[in-house]
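Laboratory data are not the source of any read-out in this text; all were calculated from the coordinates shown. On a predicted model such as this, the values are computed, not experimentally measured, just so you know. Please note: Cβ atoms are built from the backbone with ideal geometry, for glycine as well, and neighbour counts cover all protein chains shown.
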Amino acid sequence: MKKHTLALLSTCLALTATAALAIDASAVPEIKRTQIGMYLTSAEAYEMALREKLLFIDVRTRAEVNFLGMPTVADANIPYMELDNMYSWDEKKGVFKMEPNSGFVTEVQDRLKQKGLTPNGKIVVMCRSGDRSAKAVDLLAKAGYQNVYSVIDGYEGDVAKEGDHKGQRVVNGWRNGNLPWSYSLPKDKMYFQ
């Protein structure tokens with residue numbers, strides 16, 4: 001009898017913890033919304049990565065990861081987009097052009113297998129601020145993955161709209177939340193075409 005009570009209690013606690021992670025989709029800015037509608041804050045993603053078997057993907061470019069570091073709990077850096085080349089400029093956005101990574105979905109499949117997860121396994125996707133991760137989640141959904149969360153505040157967080165730090169990414173995010181990250185990049189976690 002005690003075993004059944006303990007099992008029931010454990011199940012209830014797990015369901016409560018999962019429900020606590022639910023973010024109201026209507027509160028998520030349009031650019032960060034996904035077809036699946038499953039979202040986490042960086043703090044929630046960290047907690048989930050500590051207690052569950054999942055694939056945690058940092059989808060920022062290799063340059064971003066190289067110069068800004070990455071979360072220590074991330075399983076892989078698989079860029080969703082990469083710089084087109086060092087000389088292509090996007091006049092409208094005022095940045096270097098980026099192109100989709102054609103190997104993204106295949107690499108995610110390979111990393112799931114390496115981790116012993118099925119296509120139904122839980123995947124957490126993070127970018128700089130939540131925009132690219134939403135697009136990466138939609139691409140994975142189109143490929144048939146349905147258990148995919150987007151980290152809505154990303155690695156660097158959102159831009160302050162006012163105050164002394166107006167225009168800087170200081171509002172939220174992995175690094176601003178003092179979650180564990182490192183400049184040390186394990187080669188086995190990096191993406192190579």
Going through LYS97/LYS161; LYS93/LYS166; LYS53/LYS166 one by one, the pairs whose alpha carbons sit over 31 Å apart turn out to be LYS53/LYS166
Label-point separation (nm) for ALA143 and HIS165, each offset 7 Å from Cα along Cα-to-Cβ? 3.4 nm
Using alpha carbons only, how many degrees (0 to 90, rounded to 10) separate the axis of helix 104-114 from the longest principal axis of the chain? 40 degrees
If you place +1 on the Cβ of every Lys and Arg, -1 on the Cβ of every Asp and Glu, and leave all else neutral, what size is the dipole of the stretch 23-189 about its Cα centre, to the nearest 20 Debye? 280 debye
If the viscosity is 0.890 mPa s and the temperature 25 °C, what translational diffusion coefficient in µm²/s does Stokes-Einstein give for the stretch 82-193 when Rh comes from Kirkwood over Cα pairs? 152 µm²/s
The chain: Rg/Rh from Cα coordinates, Kirkwood Rh? 1.00
